[in-house]
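Only the coordinates and a few stated rules stand behind these numbers; no lab work does. Only a predicted model underlies this, so the values are computations on that prediction, with no experimental measurement involved. Because the Cβ atoms are built from the backbone with ideal geometry, glycine has one as well, and the counts that use them run over all protein chains shown.
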Amino acid sequence: MNEGLLDLRTSASSFLFLKPHENIFIGISKKTIFHPWITILMPFSKQKLMEFPRDVVVGHGVLDDINELCRRVNLEGKCIVVHDENTKKIAGERAITSLGRDYEVDEIIVEKATMKEVGRVQRLAKKEGVNFVVAVGGGTVIDIAKLSSYKNGVPFISVPTAASHDGIASPRASIKMNGVSVSKEARSPLAILADTAIISKAPYRMLASGCADVISNLTAILDWELASRLKGEYYSSFAAALAKTAAELLINNAKFIKPGIEEGVWIAVKSMIVSGVAMSVANSSRPASGAEHMFSHALDRIAPGKAMHGEQCGIGAIMMMYLHGGNWERIKNALKEIGAPTTAKELGFTKKEIIQALTMAHEIRRERYTILGTDGITKDAAEKLAKITGVI
């Protein structure tokens with residue numbers, strides 16, 4: 001070795017030599033003895049923002065711990081509780097009473113997840129000088145609070161009263177724009193307080209839909225891997241592993257997720273939180289949204305309001321897993337065990353609507369490459385797919 005060179009051994013088969021005070025690495029591989037190579041490595045400048053919930057409390061009767069949770073995450077000053085008419089009675093009033101012992105509390109009742117409602121919450125919070133937002137409700141309430149707090153630059157606490165999708169922990173907000181759901185960049189909650197006693201009293205269909213939403217991660221991950229291989233898209237194996245873990249936890253414990261069983265709620269909520277964290281790691285919805293979600297959004301355009309988001313994604317996952325050549329029957333069996341729809345009839349759609357959604361799904365997010373490719377699938381292929389998987 002030449003004098004003045006530092007030997008940085010990186011493996012049993014290669015060496016890297018660094019001349020002091022220079023940003024040039026010269027590598028000589030033992031495997032390519034007759035073809036030495038030189039690589040210039042630029043200074044490392046990669047940056048990535050990952051925000052996670054600081055505290056997560058899941059369990060029976062934990063709503064009473066909301067003040068303690070706020071203190072743990074160092075929240076001070078004034079807050080606003082966002083809820084709807086129903087969730088105000090279920091948990092909002094209790095939260096306001098409890099928070100009122102230590103904080104100055106305002107409240108606002110919201111309706112649909114629209115930018116108009118987001119703006120209304122945002123303006124009131126800014127006018128009142130709110131330091132943090134507490135969302136007490138289902139997906140609509142949480143999405144409104146999430147986006148309005150993000151726009152105001154203040155933290156928010158997620159207090160779900162139902163678990164119908166993984167938005168309770170994710171950094172994305174689903175907002176209706178021109179009658180279509182649009183995923184908007186927001187911020188993960190600073191903390192989550194999920195009272196399983198309250199969530200278990202919500203209509204079971206909502207919980208089953210939330211489980212189907214998370215189970216559909218399995219096809220979203222495959223689409224993401226495909227986009228990475230074919231299109232060079234950024235891919236995080238860590239985020240994908242989290243998303244897969246969330247889905248597998250539900251499939252492996254499907255027999256415990258039943259109406260009236262609070263332990264099932266506990267399992268489901270944990271999975272939804274892990275799925276949300278996966279999106280935080282990726283800084284994208286990629287680990288939890290692929291062709292199955294595009295199929296769901298296509299159904300929303302064809303016949304809005306017929307079924308729940310997670311229910312549609314679950315059925316989409318059955319069919320997309322078939323296209324990937326995976327075990328689609330495992331997904332279908334898990335959904336059946338949980339009590340989520342697995343057929344067009346159970347979902348409330350006609351055969352024609354399912355086929356139409358399949359043929360137009362690739363148009364929903366053209367920048368997001370999936371198993372459907374850039375041209376989608378034909379009507380005949382869509383009909384065959386839906387029939388083979390038993391959806392129609």
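Per-structure values
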{"quantity": "Interchain or long-range residues, amide H under 5 Å from Ala163's placed H", "calculated": "Leu207"}
{"quantity": "Angle between the chain longest axis and helix 115-127 axis [Cα atoms, degrees, rounded to 10]", "calculated": "80"}
{"quantity": "Hits among lysines - C-alpha to C-alpha of Lys126 under 17 Å, sequence gap 8 or more where chains match", "calculated": "Lys78, Lys116, Lys146, Lys151"}
{"quantity": "Per-selection Rg to Rh, the chain - Cα, Kirkwood hydrodynamic radius", "calculated": "1.06"}
{"quantity": "Euclidean distance between Cα centres, region 248-265 to region 300-357, Å", "calculated": "20"}
{"quantity": "Rounded to 10°, Cα long-axis angle of helix 139-152 versus longest principal axis of the chain", "calculated": "60"}
{"quantity": "Cα gyration tensor, region 85-151 - rounded (a/c under 1.5), prolate or oblate", "calculated": "oblate"}
{"quantity": "Beta bridges per DSSP with both ends in the chain, % antiparallel, nearest 5", "calculated": "45"}
{"quantity": "Computed over the chain: relative contact order in percent, which uses C-alpha pairs under 8 Å that are six or more apart", "calculated": "13"}
{"quantity": "The chain: angle of helix 217-231 to the longest principal axis, Cα-based, in degrees nearest 10", "calculated": "30"}
{"quantity": "J(HN,Hα) series, region 54-60, from Karplus relation 6.51 cos²θ - 1.76 cosθ + 1.60, nearest Hz, glycine and proline x", "calculated": "6, 10, 10, 10, 10, x, 6"}
{"quantity": "Net charge of neighbours whose Cβ lies under 11 Å from the Cβ of Met321, counting Lys and Arg as +1 and Asp and Glu as -1", "calculated": "-1"}
{"quantity": "Those lysines that a straight Cα-Cα span of less than 18 Å connects to Lys258, excepting residues fewer than 8 apart in one chain", "calculated": "Lys201, Lys270, Lys332, Lys336"}
{"quantity": "Sorted peptide list for 228-234, 108-114, 160-166, criterion being average Cβ within 10 angstrom, highest first", "calculated": "160-166, 108-114, 228-234"}
{"quantity": "Residue order, fewest to most surrounding Cβ atoms within 10 angstrom, among Leu372, Leu124", "calculated": "Leu124, Leu372"}
{"quantity": "Calculated SAXS-style log₁₀ I(q)/I(0) at q = 0.13, 0.18 Å⁻¹ - region 187-255, Debye, Cα scatterers", "calculated": "-0.52, -0.86"}
{"quantity": "Under 12 Å from Lys231, Cα to Cα: aspartates and glutamates that are on another chain or at least 8 residues apart", "calculated": "Asp223, Glu367"}
{"quantity": "Sequence-distant residues sharing a close amide H with Val81 (under 5 Å, placed H)", "calculated": "Asp106, Glu107, Ile108, Val134"}
{"quantity": "Fewest-first sequence of Phe156, Phe238 by Cβ atoms within 10 Å of each Cβ", "calculated": "Phe238, Phe156"}
{"quantity": "For region 280-392: Kirkwood Rh in Å [reciprocal of mean 1/r, alpha carbons]", "calculated": "13.9"}
{"quantity": "Net charge of neighbours whose Cβ lies under 9 Å from the Cβ of Gly92, counting Lys and Arg as +1 and Asp and Glu as -1", "calculated": "0"}
